[in-house]
Amino acid sequence: MRAFAVALLLLIGLLPACKSKEKAAEANVPPPPEWVSARPISGMYYIGVGVAQKTPGSNYQRTARDNALSDLAGEIKVNVNTNSLLYTLERDYKFEQEFRETIRVTSNLDLEDYEAVGAWEDATSYWVYYRLSKTEFAEKQRQKQVTAQELGMDFLAKAQSAEAGAQFASAADLYLRGLQAIEMYLGENNQVQYQGTSMLLDNELYGGLRGLLNDVRVNIENDLELNYHNRFKTTAEVRVASPKTDLPLEGVPLIYEFFGSYGRYKGSLATNADGRAKIPINEADRGKNSNNLIVSIDMDQIFQPFQSDQFMRRLAQSFRGASSQKPIVNRPPSVHLIAIEQNLGKLLVGNPLSAAIMTSLGRRGVQFVNALAEADLVMTIDANTRTGGESQGFSTSLLSLNINLVDNKTKQNVYKVNRNDVKGVDLDFDRAGLKAYQNYTKNIESELMRKLVSDMF
């Protein structure tokens, strides 16, 4: 206990000394330089001042440096030349925000040749001061712009060659790569000498790309009819060509859509060397009154390699690809009906079995035609009743029926049903025969139509 008391007294005695040392350390901190309290202004330099708090475990020196460089980059103003592509895009499509964001991000990563002017710290914060010569920066940017223009011209030459060879996808990609090569300088004057001609490189690349995308004709060459003979499946024959030369365009990415059996159906493909593509239509919604196949150039696919670039994404939105559409016509089968319906050997008036079949198929769009030559299918109905016996004052009649469905073109049998045991019971045989017809037609959907419709469609 005595030892503890002694230690405590010693600790208390040391506290004033510690406080004195802290005060001495604070007294040794030099006063902050003027640039800490008042931002420097210079006509010769871009200025960057950054500060970071000294929090435990943080790399405050690096944070201050990054903040200073970001501050410095913010001083670099982007002046849009009236002859530049960006001037046109800003005026027509409001591109300024995307371009300036690209410049800001790239500038932060691309700053070089800056110099450290000073640093200052106290117990809680760390300050740094950088500057960059405006003259040296402008010269470096000029050299970089020249290098970028040379690369852009190389892409332009390759794009024009690909376009002349009807290589659509390659040409579009090369025009885009040319634009991306000079992206940092789209606000500058990009006047260059190209193949002996003075021109604005950015406008030439952009105009070439727009011309390529506009100079396209998408044509669905065949009628799209779903009918019995093609089993309600067809193929759209699409051709993509230049409207000026009619040259087929190879490698054009396409997207297509139509209403299928289970909602909107979409797909994608590309044209072959003949500028052609085949689109299968196997699941079209036959119950929809208006159903169109729409085929368009897949702009997302063309711009897909550049989607990580904010400015290029925005550029993609300014383009609309050529498209074409054609109605998908659903033509249900046409049927020529031959019916003989009898009750106990006597022809019936109204043919109840035929009437029930025609009503059910009519709801599904099937047309019944009088001319045999106009029919896809020929249906024959042969039905008759016979007496089946009497019991307790009631008579029983039995209905026999034969229904045949034949392909009018191939004469092949499509559907056949035979029944001999449809029973009807009433006070006499004649009424019982009519009752047998009634019993069968009452359940005709489950008895006959499901299988018949499946075979017809």
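About the Cα centre of the chain, how large is the charge dipole given +1 on each Lys and Arg Cβ and -1 on each Asp and Glu Cβ? Please answer in debye to the nearest 20. Working shown, then result.
Numbers: 51 positive and 54 negative charges, 287 e Å.
Taking the Cα centre of the chain as origin, the dipole is about 1380 debye.
Where Rh is the Kirkwood radius over the Cα pairs of segment 100-210, the temperature 25 °C and the viscosity 0.890 mPa s, what D in µm²/s does Stokes-Einstein return?
150 µm²/s
Please go through the residue pairs Lys233/Lys266; Lys134/Lys158; Lys278/Lys411; Lys233/Lys409; Lys233/Lys451 and name each one whose alpha carbons sit more than 28 Å apart in this structure. The partial results should precede the final answer.
Values: Lys233/Lys266 16 Å; Lys134/Lys158 36 Å; Lys278/Lys411 31 Å; Lys233/Lys409 18 Å; Lys233/Lys451 20 Å.
Cα-Cα > 28 Å for Lys134/Lys158; Lys278/Lys411; rest within.
Summing Lys, Arg as +1 and Asp, Glu as -1, what charge do residues with Cβ under 13 Å from the Cβ of Asn408 carry, Asn408 excluded? Mind dumping the intermediate values first?
Values: positive: Lys409, Lys411; negative: Glu374, Asp376, Asp407.
Every neighbour counted, the sum reads -1.
What lysines sit close enough to Lys423 to cross-link, taking a C-alpha to C-alpha distance under 17 Å and skipping anything fewer than 8 places away on the same chain?
Lys435, Lys442
In nanometres, what is the gap between the two model label sites at Asp428 and Gln412, each 7 Å from Cα along Cα-to-Cβ?
4.9 nm
Counting only protein chains, not ligands or nucleic acids, how are Thr135, Thr410 ordered by accessible area (probe 1.4 Å), most first? Spell out each step's value before the answer.
Working: Thr135 105, Thr410 75 Å².
Sorted descending by solvent-accessible area, the residues read Thr135, Thr410.
Pop out the carbon and sulfur fraction of the accessible area of the chain as a percent, whole number, probe 1.4 Å. Show your work: numbers first, answer last.
Values: 12640 of 25310 Å².
The nonpolar share, carbon plus sulfur, comes to 50 percent.
Answer with one residue from Gly424, Gly393, Asn408: the one whose Cα lies farthest towards the positive end of the charge dipole of segment 368-435, charges on Cβ with Lys, Arg +1 and Asp, Glu -1.
Looking along the dipole axis, the top candidate is Asn408.
For segment 255-330, with only Lys/Arg (+1) and Asp/Glu (-1) charged at the beta-carbon, what is the dipole magnitude about the Cα centre, in debye rounded to 20? Working shown, then result.
Values: 10 positive and 7 negative charges, 38 e Å.
Magnitude of the dipole: close to 180 debye.
Considering only Gly196, Gln145, Val218, whose Cα is most displaced toward the positive end of the charge dipole of segment 131-234, charges sitting on Cβ of Lys, Arg (+1) and Asp, Glu (-1)?
The residue sitting most towards the positive pole is Gln145.
Please report the projected area of the chain's Cα convex hull averaged over all directions, in nm².
In nm², the orientation-averaged hull projection of the chain is 50.0.
Could you work out the relative contact order of the chain? I mean the mean sequence separation of Cα pairs under 8 Å and 6+ apart, divided by the number of residues, in percent. Don't jump to the answer; show the numbers that get you there.
On the way: 793 pairs, mean separation 42.1, N = 457.
Dividing the mean separation by the residue count of the chain yields 9 percent.
Antiparallel versus total DSSP beta bridges in the chain: what percent is that, nearest 5? It would help to have the intermediate numbers written out before the result.
Values: 75 of 88 bridges.
Percent antiparallel among DSSP bridges in the chain is about 85.
Largest first, how would Ile220, Ile340, Ile294 line up by accessible area (1.4 Å probe)?
Working: Ile220 5, Ile340 80, Ile294 55 Å².
Solvent-accessible surface, decreasing: Ile340, Ile294, Ile220.
I'd like the accessible area for His229: 1.4 Å probe, protein heavy atoms, all chains in place, Å² to the nearest 10.
Its accessible surface works out to 90 Å², give or take rounding.
Ordering Val417, Val240 from largest to smallest accessible area (1.4 angstrom probe), what's the sequence?
Values: Val417 20, Val240 0 Å².
So, going from the largest accessible area down, we get Val417, Val240.
Treating only the Cβ of Lys, Arg, Asp and Glu as charged (+1, +1, -1, -1), what charge dipole size does segment 175-290 show about its Cα centre? Round to the nearest 20 debye. Provide the component values of the computation, followed by the final result.
Details: 13 positive and 15 negative charges, 104 e Å.
My answer is approximately 500 debye.
I'd like the distance between the alpha-carbon centres of segment 133-160 and segment 172-197, rounded to an integer number of Å.
The two parts, judged by their Cα centres, are 9 Å apart.
For the chain, what does the accessible surface come to per residue with a 1.4 Å probe? Please give it in Å².
Accessible surface, normalised per residue, equals 55 Å².
Could you compute the FRET efficiency for Asn404 and Asp246, with r as their C-beta to C-beta distance and R0 at 60 Å, rounded to 0.05? Could the numbers behind the result be given before it?
Values: r = 51 Å, r/R0 = 0.86.
For Asn404 and Asp246, the calculated efficiency is 0.70.
Between Leu361, Ser296, Ser446, whose Cα lies farthest towards the positive end of the dipole of the chain when Lys and Arg beta carbons carry +1 and Asp and Glu beta carbons carry -1, centred on the Cα centre?
Towards the positive end, the residue furthest out is Ser446.
The values are calculated or read from the model by the stated rules, or taken from the named source; none is laboratory data. Quantities reported herein were computed from a predicted structural model and do not represent experimental measurements. Note: ideal-geometry Cβ built from the backbone for every residue, glycine included; neighbour counts use all protein chains shown. In case anyone asks, the SASA skips ligands and DNA or RNA and just uses the protein heavy atoms, side chains included. Shrake-Rupley method; radii C 1.70, N 1.55, O 1.52, S 1.80 Å.
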